[in-house]
Structure formats: C-alpha cells, structure tokens
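J.: The structure is given below, and queries will be raised subsequently.
The values are calculated or read from the model by the stated rules, or taken from the named source; none is laboratory data. The structure presented is a predicted model; accordingly, all values stated were derived computationally and were not measured. Here the Cβ positions follow ideal geometry from the backbone for every residue, glycine too, while neighbour counts run over all protein chains shown. The protein model used for the area step is the full one, side chains on, heavy atoms only, and it has no ligands, DNA or RNA in it. Shrake-Rupley method; radii C 1.70, N 1.55, O 1.52, S 1.80 Å.
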Amino acid sequence: MLNGLTDKLSSYLPSDEITAIEKAYLYSEECHVGQLRESGDPYITHPVAVASILADMIMDHESLMAALLHDVIEDTGVTKNQISRRFGRTVASLVDGVSKLKIVFQSRAEAEAENFQKMTLAMAKDIRVILVKLADRLHNMRTIKAITKEEKRKRIAQETMEIYAPLADRMGMHRIRDELEDLSFEILNYDARKLIKKRLDE
C-alpha cells in the first residue's frame, strides 16, 4: 500500500521528504490500528488514498503528510501539539485545519449561497487545507457505495454536488469537479445517469 504511494513520490520529491512522508504513514497506521472503514477495509487505506490523489496533483510533502494524518486528531485522540512535536508546526496546522473545516449546512439556501463557499476558503489559513479536504471528499465519494444507509449516501452526495464540486470548480480543479459531480449524480439520479451513459456509449 505504501509502496504504490512512494513510487509516485519518487518521480518528483527528494528522498528526505519521502522519508518524512513514510514516518507520517507509520504514525497514522499506528494511530488508526483496529479501526475499519464501512467497507471493512483497514482505516489506513483512506488516508493513503487521499495522499495518492494529492500525489497525482504533484503536491508538496507537507500536504501529503497532512493527508496521511488528517483524521488522527478527530478519530484517535491525538492532539495538535503531539503532531507538532513529531512532524512540525506546519503539518500540525494543516491537520488541525482539515479537522476543523466542517462543511455542514442546515438548509438548501445556505448550501447554495456563494458566500458559504467564500467562508469555507476564508476558514483555511493555508489553501492546502482545502486541497486535502477536496481529496478526502473525492475518495469518500469513490467508496460511497460501501455506505449501507441510502439516506446517508444521498446526504453526502447532495453536499458534494452543492458544496465540494463548485468549490473545486472555483479553484480551477475541473477534473476533480467533473468526477465529484458524476459520482454524486449516480447516487442522486441513478436511473437518469444510467440512461445518459447508455446513450453516450451508443
């Protein structure tokens, strides 16, 4: 699992930065030991996938370390100070930023408001927080079918369509926007998507 990630990184990062990323992976794996995704996979598969998405975007090593560690504060009881002492202030700040960036809305009007997207950007002191968050949501959408409750799947897909896809678009990340929209549309309008895909294939 780690080998696939480091193979990508070796094409553009120096060895000392890859070593730092490997240390973040080992720490995250230790913190998440025993935790499972709804699919039944070990939880560590998720942060590795998020980091891999960022590696495809040629992101810096601190972003990749933050991706690997992005759930440890929320899910394992590790503190920001502990991350800072082990991996430095910048990585700790990124991880803390992702943990605090809760994109939840109470009404459709709030979700669709352009100001809400601006607020999301303003909440992140470092734009890399948003990039990690988008990669996190992209992997969650790629694996959304593992969620057994239809209501939860549709809620996540609706959030993705109304918040995350437009956010990716505003940042010029059109490939990610398109994939988020497609994955969301499949959950929200499965029959319509199936028909459209059939006609496109024809």
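J.: Which FRET efficiency value, to the nearest 0.05, is calculated for I58 and R89 with the Förster distance at 22 angstrom and r the Cβ-Cβ distance?
T.: Numbers: r = 24 Å, r/R0 = 1.07.
Taking R0 as 22 Å, the efficiency between I58 and R89 is 0.40.
J.: Taking 8 Å as the Cα distance limit and 6 or more residues as the minimum spacing, I'd like the relative contact order of region 125-182 as a percentage.
T.: Values: 28 pairs, mean separation 19.0, N = 58.
Value for region 125-182: 33 percent.
J.: Still on this structure, please answer the following. With loop defined by DSSP as not H, G, I, E or B, and exposure as at most 12 other Cβ atoms within 10 Å, which is the longest segment of the chain clear of exposed trypsin sites (Lys or Arg not before Pro)? Before the final figure, lay out the partial values.
T.: Values: sites that count: K102, K125, K149.
Result, exposed sites excluded: 1-101.
J.: For the chain, give the percent of accessible area contributed by carbon and sulfur heavy atoms, probe 1.4 Å, rounded to a whole number. Please report the intermediate quantities before stating the final value.
T.: Numbers: 5290 of 10790 Å².
Carbon and sulfur: 49 percent of the exposed surface of the chain.
J.: With a length cut of 27 Å (Cα positions projected on each helix's long axis) and a Kyte-Doolittle mean of at least -1.0, go through the chain and give me the DSSP H helices that pass.
T.: Correct list, ordered by number: empty.
J.: Evaluate the distance, in nm, between pseudo-label points positioned 7 Å from the Cα of M1 and of E17 along their respective Cα→Cβ axes.
T.: Going by the 7 Å Cα→Cβ label model, 2.5 nm.
J.: For Y12, Y25, write out the residues from largest to smallest accessible area, computed with a 1.4 angstrom probe and no ligands counted.
T.: On the way: Y12 60, Y25 20 Å².
Output order, biggest surface exposure first: Y12, Y25.
J.: Next up: Which whole-number value in Å² is the accessible area per residue of the chain, probe 1.4 Å?
T.: Solvent-accessible surface per residue comes out at 53 Å².
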